[in-house]
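See structure below.
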Amino acid sequence: MTEEARKIRLLMELRRLGITDTRVLAAIERVPREAFVLPTFLDQAYENVALPIEHGQTISQPYVVAFMTQALEVGPRMKVLEIGTGSGYQTAILARLCRRVYTIERFPSLLKHAEERLRELRVTNYTARAGDGYRGWPEQAPFERIIVTAAAPKVPEALREQLAPDGILVIPVGELEQDVVRIRRTATGFEEEKLLPVRFVPMLPGVAKEA
Ligand code: SAH
């Protein structure tokens, strides 16, 4: 099967699984996932599976990327904060849908590799930094949308606070088993919905020390 045929098969599967947002589907179609996976897993780039990247991290399953992106309800003029750059794949998807992505990764070397890929793909509407996502990005807050792609034991308070009015935060919450939770900031507080059971790598505190 050609790569193009595999990609079409994946898009059909995402539709069958309930991804209906055409902007999200178009972004998945346009962003070459093969540019974000390790060479050993190239043949699986368009399988609906999470794959290992460096430092024991993962590039998320395409369905989960599509589901969380759809749940985020991203508009073209929005400023989006992403925690957990990883391979940069989700960053590239978001960059197609919003005005600018601010992305934070705790492994400096993962971030460097992700930025190389994004440069090659000519993705320019993002700003990246190595840091601890638990603190958010106060200098750039508020954000209309925040997405976290690592699992937190509970919703980090700083991220809640950095949401703009009517803002949406999508985050996997839990320890071994997690649920994608969507939090909306309303006039009076926050509304929380559990959307999907998932398994993510943990959101860890602090910047990673690398050899
Ligand atoms: N969105 C990524 C998924 C990467 S996996 C992709 O599409 O490839 C989750 C990432 O979150 C890992 O790279 C991990 O190092 C990072 N991470 C975990 N805790 C973090 C924290 N507190 N701040 C920033 N990044 C964090």
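Per-structure values
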| read-out | value |
| --- | --- |
| Matching residues in region 170-203 - criterion: being under 28 Å from HIS55 (Cα atoms), more than 15 Å from the chain's Cα centre (by Cα) and of a type in the set (Phe, Trp, Tyr) | none |
| Single residue of region 70-96 satisfying the filter (out of contact with any Asp or Glu (no Cβ under 8 Å at 6 or more places or on another chain) and β-branched (Val, Ile, Thr)) that is farthest from the ligand (Cβ to nearest atom) | VAL74 |
| Residue pairs meeting the criteria (Cβ under 8 Å; at least 6 apart or on separate chains; first within 14 Å of LEU72 (Cβ to Cβ), in region 11-31; second hydroxyl-bearing (Ser, Thr, Tyr) and in a helix (DSSP H, G or I)) | ILE19/TYR63; ASP21/THR69; VAL24/THR69; ALA27/THR69 |
| All positions within region 176-187 that are at pLDDT 95 or above and more than 13 Å from ALA164 (Cβ to Cβ) | GLN178, ASP179, VAL180, VAL181, ARG182 |
| Which listed residue, of ARG135, ARG199, ARG184, is without any contact (Cβ under 8 Å) to a residue 60 or more places away in the chain, among the charged types (D, E, K, R) and closer than 21 Å to TYR89 by Cβ | ARG199 |
| Counted residues, region 173-197 - those being touching a strand residue (DSSP E or B) at 6+ places or on another chain (Cβ under 7 Å) and either within 12 Å of the ligand (Cβ to nearest atom) or charged (D, E, K, R) (or both) | 9 |
| Residue in region 63-85 that is surrounded by 14 or more Cβ atoms within 10 Å (Cβ to Cβ), among the acidic types (Asp, Glu) and over 30 Å from GLN140 (Cα atoms) present | no |
| Index of the failed condition, GLU115 passing every other in (1) crowded, with 22+ Cβ neighbours inside 10 Å; (2) under 16 Å from the mean Cα position of the chain (by Cα) | (1) |
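The values are calculated or read from the model by the stated rules, or taken from the named source; none is laboratory data. Please read all numbers here as calculations on a predicted model, not as lab measurements. Note that we place each Cβ from the backbone using ideal geometry, even for glycine, and neighbour counts take in every protein chain shown.
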